[in-house]
Structure formats: structure tokens, C-alpha cells
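Colleague: This structure is in C-alpha cells; I'll ask about it shortly.
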Amino acid sequence: MSFTPADLPDLSGKTAVVTGGNSGIGFHTAKELAAHGASVVIACRNTTAGADAAGQMSGAVRVEALDLASQASVRAFAERWDGPLDLLVNNAGVMNPPKYRETEDGHELMFGTNHLGHFALTGRLLPALAESSAPRVVTVASIAHFGGTDAVLDANPPEHYKPEPYYGNSKLANVLFSRELHRRIGEAKSTLVSTASHPGISVTGLVADPNGMGANKFIGTVAPLLMPLIFQSAAKGANPSLLAATLAAPGSYSGPTGFRETRGPVGDAKLSTYAMDGELAKKLWALSEEKTGVSFTL
């Protein structure tokens, strides 16, 4: 389809949270949601960067501290929240640290941030989402989920650490979470909508992030120079997220439909065999509840 931000509906009166909305895909997602009338909260680690980003947006935008690598920070964010929440965009992430790293809670950094942080955040914000007449949760995954396997249930252990497959597992976890949430919503006959998306390959700061691949000084220096010559812009990469946040069908997975889903018009994205494994999704859900101490009441 030919979806662009111009196709977004009027979002006046809606309140949205975008994790990692200070940069990259999240920045353009937050910017367009605000431009179309939503009150947007940028939830990020670096609130100074968040304030700079908010200053580049029109409309109602504010910044709140959130470190997804800290379950205490996730809990504090949810406890501070007041009022209904219409849209939660689980966007922030870490990609491919060259060496094994852990969150403050002892989880591998990518699994703990990309999946467990968002799992807990969604669960803790359910009461606020329940106050909305049409609540929606968007989980931003990646074509890298094809690199994930049923080893996702090992939660990326320190033994034999490899950045790419561990990142693939964390993004597979994102897809499995979104799909299992959709299934549970159906069982509960809840009004909540769960969708997922991926941005293809886009020019963002994720590659150069010092918490990820950018920890390698060569990659951190070269990536910002070469990526714009090869890949699509972050603004275009945000289009699947924007579609998933507004017009996409419940349970859908949106992404670019061009060359190997790296770019192009937005449409239905492909899922790996593991991503469609309902039993694997249920097992991951139980594991996630155990590791975060968060249960969902729909």
C-alpha cells in the first residue's frame, strides 16, 4: 500500500507514549503522532536528548525518564503515570553490543532491554490503557527476528555470546510477545489492540549507539557516514510504526515490502516459522512473567 504520514487520522485527544522517541525511528514516530494532534510522551534514558528532540516537534510533546534496562525504572515510570493512555509504542532498543553485557537486573542487555523492559512496561501500563476507549500497543521488531530460534527461551545466556543471533532472539521475542498479547486479548474480549511492525533497514543512530555496535569505535565512526548512502531514511522507516499505531488491523505485522523487506511501500510483513509458533510464544510469556514479576490482567 502507499501509506505515508499524510494518511494518518486526526489524533486529537489521544495520548501516546513512544519509547526511545528521542532519536531514529522513535523520533519520527513521535513527531508525526504529535503533528497529527496526539499528546506525546517521549520515554527515554537521556532526558536531555529527549528535550532536544521535543524541541524539534510541533504539538504537545513532553519527556519522561525511562531506562528499559532497569525494571525499577520501568516500575517508577508506570507508577508516575496519571490518566488514560491510548497508545504505547514499544520502540526503543539496543543492537549487537560486541561483548556480553547485562542490565542492572542481571539479564543480557538486548533481551533485557528490547523484550523484558517492554514486556514489563506494557503490563504495568495496562490500567492506564484500560481507561482508553480504543487502546493500542505497538511493538517494533525487526527483519532480524528471522535469526531468532527456540533458543529464545534460554534468554541469551552469557555462555558463547554472539551479538547477531542474540539480537535476533530479542527481536523474535518482540514478535512473539505481540502475537501472544493479541491472542490473550481475544480470549479476554478486551478492547486493547496489539500490533507489530519493523522498519526494514533505515538510517538511525542504533548502529552507532555506544551501548551496541557503536561500542566498536570503527563502526561508531564509519556507520553515520556510510549508512545514508545505502539505506532508507529513518523517516521512511517510521512509516510501518505509524501504520501499526493507527490504521493496521489487530494482530497485524507491518513493514516495508520492497527488496527483502529492507525498504519500500508499507504492507504486511513476513514472519519466520518460529514467530508463528504459538506454543513457543506461550512459553516465552511464562518465562517473561517469571523474570520480570509482572503479570497481565486483561
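Colleague: Looking only at region 232-273, how many residues end up being part of a loop (DSSP other than H, G, I, E, B), closer than 14 Å to Thr4 by Cα and hydrophobic (A, V, I, L, M, F, W, C)?
Modeller: 3
Colleague: Here is a further query. Looking only at residues in region 207-224 that are surrounded by fewer than 20 Cβ atoms within 10 Å (Cβ to Cβ) and under 23 Å from Ala155 (Cα atoms), which one is modelled with the lowest pLDDT?
Modeller: Per the criteria, the residue is Ala215.
Colleague: Given the criterion modelled with pLDDT of 95 or more, out of contact with any strand residue (DSSP E or B) (no Cβ under 8 Å at 6 or more places or on another chain) and surrounded by fewer than 21 Cβ atoms within 10 Å (Cβ to Cβ), identify the matching residue among Ala130, Ala134, Ala173.
Modeller: When all the criteria are applied, what remains is Ala130.
Quick grid of which residues meet (1) farther than 22 Å from Ser178 by Cβ; (2) touching a residue at least 60 places away in the same chain (Cβ under 8 Å):
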| residue | (1), (2) |
| --- | --- |
| Ala30 | no, no |
| Ser58 | yes, no |
| Glu64 | yes, no |
| Leu87 | no, yes |
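Colleague: Just name the residue that is modelled with the highest pLDDT out of those in region 176-206 that are more than 13 Å from the chain's Cα centre (by Cα) and under 18 Å from Gly20 (Cβ atoms). Break it down into steps so the answer makes sense when it comes.
Modeller: Looking only at region 176-206, we keep the residues that are more than 13 Å from the chain's Cα centre (by Cα), and these are 179-193, 200-205.
Still in the list and also under 18 Å from Gly20 (Cβ atoms): 200-205.
Working: Gly200: 94, Ile201: 91, Ser202: 65, Val203: 54, Thr204: 62, Gly205: 57.
Checked region 176-206; the qualifying residue modelled with the highest pLDDT is Gly200.
Colleague: Among the candidates Gly93, Gly106, which residue alone is without any contact (Cβ under 8 Å) to a residue 12 or more places away in the chain and part of a loop (DSSP other than H, G, I, E, B)? Break it down into steps so the answer makes sense when it comes.
Modeller: Details: Gly93 fails: without any contact (Cβ under 8 Å) to a residue 12 or more places away in the chain.
After applying the criteria, what remains is Gly106.
Colleague: Here are some conditions: (1) part of a loop (DSSP other than H, G, I, E, B); (2) modelled with pLDDT of 95 or more; (3) more than 19 Å from the chain's Cα centre (by Cα). Asn156 meets all but one. Which one does it not meet?
Modeller: Condition (3) is where Asn156 drops out.
Colleague: To continue, here is another question. Just to check your reading of the model, which residue among Glu64, Glu102 is within 25 Å of His28 (Cα to Cα), touching a helix residue (DSSP H, G or I) at 6+ places or on another chain (Cβ under 8 Å), surrounded by fewer than 20 Cβ atoms within 10 Å (Cβ to Cβ) and charged (D, E, K, R)?
Modeller: Glu64
Colleague: Give me the pairs: first residue in region 1-23 and within 10 Å of Gly37 (Cβ to Cβ), second residue in a helix (DSSP H, G or I) and among the charged types (D, E, K, R), beta-carbon distance under 7 Å, and six or more apart or on different chains, which are they?
Modeller: Final answer for the pair search is Leu8/Glu32.
The values are calculated or read from the model by the stated rules, or taken from the named source; none is laboratory data. These figures come from a predicted structure and were not determined experimentally. Note that we place each Cβ from the backbone using ideal geometry, even for glycine, and neighbour counts take in every protein chain shown.
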